Amino acid sequence: MRTIGIAAIGLIAGSLVSAAPALAQTRSEPDWLRIEGQVGTLSFIEDSHQHLLVGGGAQFALTPRLAAGVEVTWFRGPGQERGQLVLGVLNVDLGPMSTERRVQPYFLTAVGGGQSRDSTLTTSGALIDFGGGARIAVGDRWYVAPEARFGWAAHLRFGVNVGWALR
């Protein structure tokens with residue numbers, strides 16, 4: 001867990017530092033829709049297990065740097081532990097995608113709920129998390145975005161999004 005967390009934080013910090021010179025250069029068309037798939041890990045503070053996390057979502061632009069959307073994720077822990085989360089996401093881009101560097105750092109917050117179950121117990125509750133990452137363009141419309149989040153119910157979440165943007 002600690003090694004994955006340190007690697008994810010280092011990757012995100014490196015992406016944010018490398019993006020600074022690119023913030024002055026703009027792309028002609030902002031993204032009005034982004035569709036993403038995600039894979040990562042989710043760790044709740046009250047247990048010592050990592051959970052595999054997979055999911056997807058969509059975000060619509062409200063302004064050139066503010067987007068809102070929804071994401072649905074499923075997680076699997078040790079034994080028979082399973083769960084799902086449905087979150088509303090508000091995403092703030094820290095700068096436009098660069099035409100030369102093609103890196104876009106962002107912050108996000110997500111609010112929603114989820115359910116977890118194992119062989120003996122089913123629980124559900126609210127969830128809020130905060131985090132950030134950097135979208136790294138790998139084509140005209142495709143990007144990869146390492147991301148880290150933390151929040152309540154006390155958890156840490158690290159993942160990589162693969163996304164497609166419609167302009």
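The values are calculated or read from the model by the stated rules, or taken from the named source; none is laboratory data. For clarity, every value in this text was computed on a predicted model and none was experimentally measured. Methodologically, a virtual Cβ is constructed for each residue, glycine included, from the backbone with ideal geometry; neighbour enumeration extends over all protein chains shown.
Of note:
- For the range 35-46, the tally of residues that are assigned to a strand (DSSP E or B) and either farther than 16 Å from residue 85 by Cβ or within 10 Å of the chain's Cα centre (by Cα) (or both) stands at 6.
- Boolean, residue 67 is touching a strand residue (DSSP E or B) at 6+ places or on another chain (Cβ under 7 Å), surrounded by 15 or more Cβ atoms within 10 Å (Cβ to Cβ) and modelled with pLDDT under 50: no
- When the residues of the range 85-121 are filtered to those that are at negative phi, over 16 Å from the mean Cα position of the chain (by Cα) and of a type in the set (D, E, K, R), the one that is modelled with the highest pLDDT is 117.
- A residue that is within 15 Å of residue 55 (Cβ to Cβ) and of a type in the set (Ser, Thr, Tyr) can be found somewhere in the range 116-125.
- Residue list for the range 106-124, restricted to those being under 17 Å from residue 91 (Cβ atoms) and crowded, with 18+ Cβ neighbours inside 10 Å: 106, 108, 110
- Within the range 125-149, the only residue that satisfies the criterion of being over 19 Å from residue 67 (Cβ atoms) and surrounded by 15 or more Cβ atoms within 10 Å (Cβ to Cβ) is 127.
- Spans of strands (runs of 3 or more DSSP E) in the range 47-160 with at least 1 residues of a type in the set (S, T, N, Q): 50-63, 66-76, 82-93, 103-117, 122-137
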